[in-house]
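For reference, the structure discussed in these notes is given below.
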Number of protein chains: 2
Amino acid sequence: MAIEAPSRRRAIEDVASGLFRERGYAATSIRDIARALDIRGASVYAHVTSKEDMLWAIVERAATAFEEQADQALAATLGADPGRRLAALVRAHVGVVTSDPEVASVFVHEWRHLSVARRQLILDRRDAYQRRFHELIDAGVADGTFAATDPALAATFILSALNGIATWYRPTGRLGVGSIATHFAALAVRAVGGSADATETRR
Amino acid sequence: MAIEAPSRRRAIEDVASGLFRERGYAATSIRDIARALDIRGASVYAHVTSKEDMLWAIVERAATAFEEQADQALAATLGADPGRRLAALVRAHVGVVTSDPEVASVFVHEWRHLSVARRQLILDRRDAYQRRFHELIDAGVADGTFAATDPALAATFILSALNGIATWYRPTGRLGVGSIATHFAALAVRAVGGSADATETRR
DNA sequence: CCTACCGATCGGTAGG
DNA sequence: CCTACCGATCGGTAGG
């Protein structure tokens, strides 16, 4: 009758990502997480195998969400001009960040606490993700839609601005998700010299 | 005969900011810092009173550098149009970050490990710093130099992009400081709808 | 700047 | 999910 509770494992990850975002991974103890769940520290290990495994699960989930939403945005705008496609990519990114800012923030900031092997896996996926922005900017510069900029640097500029949202976004803030997405799409497209007109979405 | 060595205290802070940038404050122990200096952990306390005091000294120094360079950039462009002034502000920020990326990175990311009182002092100074960008964008929107954007959001967008440099910048990287500053000034000014022509500096 | 040491807390395990 | 416990490491102090 009651709504099926999410798995205990997932509930632990949710509490953990909130604390990791607030205090950082290294400054958050297993006992901190347990306290927030009103259980003992040792009990956490009935559901997770190690602290790092929790971090990995959170980071992995975020990486997948970013990739999936970006691919969907690109597929939905196939053939459109680079400005419109970049705007769609920005909107997708803003959507992922705002739908789970805790997980997004951990993905952006805490990956360096992963083991070297896992860290490398995430860095590779981050590179591949950034390449989507890079290539779109390349295309826009090539066809004259965008101004002549360094495409790699422009991609870094835009992604840094986007990732900042994971730090400051609060659901109760002044601006709603749609407003942030619209503004950020316009800011990003204009930054590379594109027209902000290409930015609006039809409802 | 030899060049006067910088104070020991400062040498410790330099090593500390490098480690804090790489691993984060919480994941860096006093013994890690001591090891990098080839001394014992307890010996660090001959020069600093606590780990948090070291963090505070680094963060404080960074805050002052940002404020001073921003004020100088604004003073040097008094009366110029908002696009040129914003470009100068961006160049100043890039200059501070690239001249000491370790310290800048600690300032951007590690302030939350300060005591509540010190954290609040830094947050207030960060707000005041951001207000310089905010007000300049306000002025540009008001006089029609910039497009109609949300000035607070635009300031956040630009500052997030700028602070990202502290994470990825390496002196040995592909682009030199001047090139990064020029590109970022153009990206920032265009983002708010200004003309990138206002961005170039005379030599 | 060192040796020797302190109490507290850490991630994690044993065995229910 | 608990109690009881482990070795390791933490920030920091005493006393040279």
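Work through the residues other than A:Asp53 whose Cβ is under 13 Å from its Cβ and net out their charges, Lys, Arg +1 and Asp, Glu -1.
In short, +1.
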Notebook entry, point to check: To the nearest 0.05, what FRET efficiency results for B:Ser7 and A:Arg126 with a Förster distance of 56 Å applied to their C-beta separation?
Noted result: 0.90
Notebook entry, point to check: Residues of B:179-186, mean number of Cβ from any other protein chain within 10 Å of their own Cβ, rounded to a whole number?
Noted result: 3
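Relative to the compact-globule scaling 2.2 N^0.38 Å, provide the ratio for the alpha-carbon radius of gyration of chain B.
On the way: Rg = 18.8 Å, N = 203, 2.2 N^0.38 = 16.6 Å.
This ratio for chain B stands at 1.14.
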Item checked: Rounded FRET efficiency, nearest 0.05, which uses the C-beta distance separating B:Asp71 from B:Ser29 and R0 of 35 Å -> 0.40
Next item on the list: Taking 7 Å along the Cα-to-C-beta vector as the label spot, tell me the B:Val116-A:Arg170 distance in nanometres, rounded to one decimal.
Entry: 1.6
Next item on the list: Note the distances from A:Ala128 to each other copy's matching label point, with points 7 Å along the Cα-to-beta-carbon direction, in nm, sorted shortest first.
Entry: 4.7
Item checked: Loop chymotrypsin sites (Phe, Trp or Tyr not before Pro), region A:57-115 (other Cβ atoms within 10 Å of the site Cβ: 11 or fewer; DSSP) -> none
Next item on the list: Using only Cα atoms, find the angle between the long axis of helix B:8-23 and the longest principal axis of chain B, and express it within 0 to 90 degrees, rounded to the nearest 10.
Entry: 70
Next item on the list: For A:Ala42, place a label point 7 Å out from Cα along the Cα→Cβ vector, do the same in each other copy, and report the separations in nm, one decimal, smallest first.
Entry: 3.4
Margin query: I need two numbers for region B:1-61: Rg to one decimal and Dmax as a whole number, Cα atoms only, in Å.
Written below: 11.5, 40
Next item on the list: Mind listing the label-point distances from B:Ser115 to the same position on all other copies, shortest first, one decimal in nm, points 7 Å along Cα→Cβ?
Entry: 4.0
Item checked: 3J(HN,Hα) from dihedral phi, region A:53-67, Karplus parametrisation 6.51/-1.76/1.60, rounded to Hz, x for glycine, proline -> 4, 5, 4, 4, 4, 5, 5, 4, 4, 5, 4, 5, 4, 4, 5
Margin query: Assuming 0.36 nm per residue, please report the length gained on full extension of the stretch B:Ile39 to B:Glu52 beyond their Cα-Cα distance.
Written below: 2.7 nm
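Each reported figure results from applying straightforward, stated rules to the coordinates on display, with no laboratory input. It should be emphasised that the depicted structure is a prediction, and the values quoted were computed from it without experimental measurement. Reconstructed Cβ throughout: ideal geometry from the backbone, glycine too, with neighbour counts over all protein chains shown.
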